[in-house]
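**Q** One structure, pasted below without further comment.
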Amino acid sequence: MIALIQRVTEAAVDVGEERVGAIGPGLLALVAVEPGDDEARTARMAERLLGYRVFADAQGRMNRSLADTGGGLLLVSQFTLAADTGKGMRPSFTSAASPEDGRRWFDRLLETCRSRHAPVESGRFGAHMLVSLRNDGPVTFWLRS
C-alpha cells in the first residue's frame, strides 16, 4: 500500500457538484492499493497515517502526529500512484491491485482510521474526483507499508 501524504491547512473532494469530503488543518492522503496488500499492511498504513510526525512542536520541529494535533484526515483512493512508469511513454497499471481488492483494502483502511481518529473524511472510490488543497509548508511524504 502506498500513500502520498500532504500536510494541509484545508482540503476537499468534489464529485460532480457534490462535496463528498472536506477537512481543515491535517493530512490529505492519496492512497494506492497494490497486489498482495492485506490486513497487516492496511493496519500498518493506518498506524503510519495517524502517527507519522509531520506537524511542528513548540520548537518548530516536526515532532507531532495527526493523533497529537487532532487534525483531520482526508483519504482519497488513487490507483495511479501504483503505476509502473519505468518504460515507454504510457503508464502500466499491472502493479496496482484489481478494482475489487483496491476497494476492499481502501474501505478497510478508512474503517480502521475512523475507529481510531476523528475527523476522517473520504473521496468516493472509483469516481472522477476534483481534489483541492492548500499544502502547508509544502510538506509532502511518500509512505509505503
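**Q** As a check on your grasp of the helix formula, calculate [θ] at 222 nm for the chain: sum -39500 (n - 2.57) over DSSP H runs of n ≥ 4, divide by the residue count, round to the nearest 500.
**A** About -7500 deg cm²/dmol.
**Q** Check which residues have an amide H placed less than 5 Å from A97's amide H, if you skip close sequence neighbours.
**A** V33, E34
**Q** Follow-up. Using a 1.4 Å probe on the protein chains only, how many percent of the accessible area of the chain belongs to carbon and sulfur?
**A** 49 percent
**Q** With a 10 Å cut-off between alpha carbons and a GNM built on the chain, which of E34, E100, E121 moves the most?
**A** Comparing E34, E100, E121 in a Gaussian network model of the chain, the most mobile one is E100.
**Q** Something else: Using Cα pairs closer than 8 Å and at least 6 residues apart in sequence, work out the relative contact order for the chain, in percent.
**A** Once normalised by length, the contact order is 38 percent.
**Q** Further, regarding this structure: Could you report the chain's accessible area per residue, 1.4 Å probe, as an integer in Å²?
**A** 54 Å²
**Q** Roughly how tilted is helix 39-51, in degrees to the nearest 10 and between 0 and 90, from the longest Cα axis of the chain?
**A** Value to nearest ten degrees: 30.
**Q** Now a separate question. Can you tell me the orientation of helix 99-116 relative to the chain, as the angle in degrees between its alpha-carbon axis and the longest Cα principal axis, to the nearest 10?
**A** Result, in degrees: 20.
**Q** Shape of the range 1-138 from its Cα gyration tensor (a ≥ b ≥ c, root eigenvalues): rounded if a/c is under 1.5, otherwise prolate when a/b > b/c, or oblate?
**A** prolate
**Q** Output wanted: per-residue J couplings in Hz (rounded whole) for the range 60-66, from phi through Karplus 6.51 cos²θ - 1.76 cosθ + 1.60, θ = phi - 60°, x for Gly and Pro.
**A** After applying 6.51 cos²θ - 1.76 cosθ + 1.60, I find x, 9, 6, 10, 10, 9, 4 Hz.
**Q** Fully extended, how many nm does the chain gain between K87 and N63 (0.36 nm per residue separation, minus their Cα-Cα distance)?
**A** Taking 0.36 nm per residue and subtracting the Cα distance, the gain is 4.8 nm.
**Q** Using Cα pairs closer than 8 Å and at least 6 residues apart in sequence, work out the relative contact order for the range 33-93, in percent.
**A** Taking the mean separation of contacting Cα pairs over the length of the range 33-93, I get 21 percent.
**Q** Quick one: order F125, F141 from most to least accessible surface, probe 1.4 Å.
**A** Most to least solvent-accessible, the answer reads F141, F125.
The values are calculated or read from the model by the stated rules, or taken from the named source; none is laboratory data. All of these numbers come straight from a predicted model, not from anything done at the bench. SASA here: full protein model, heavy atoms, side chains in, ligands and nucleic acids out. Shrake-Rupley method; radii C 1.70, N 1.55, O 1.52, S 1.80 Å.
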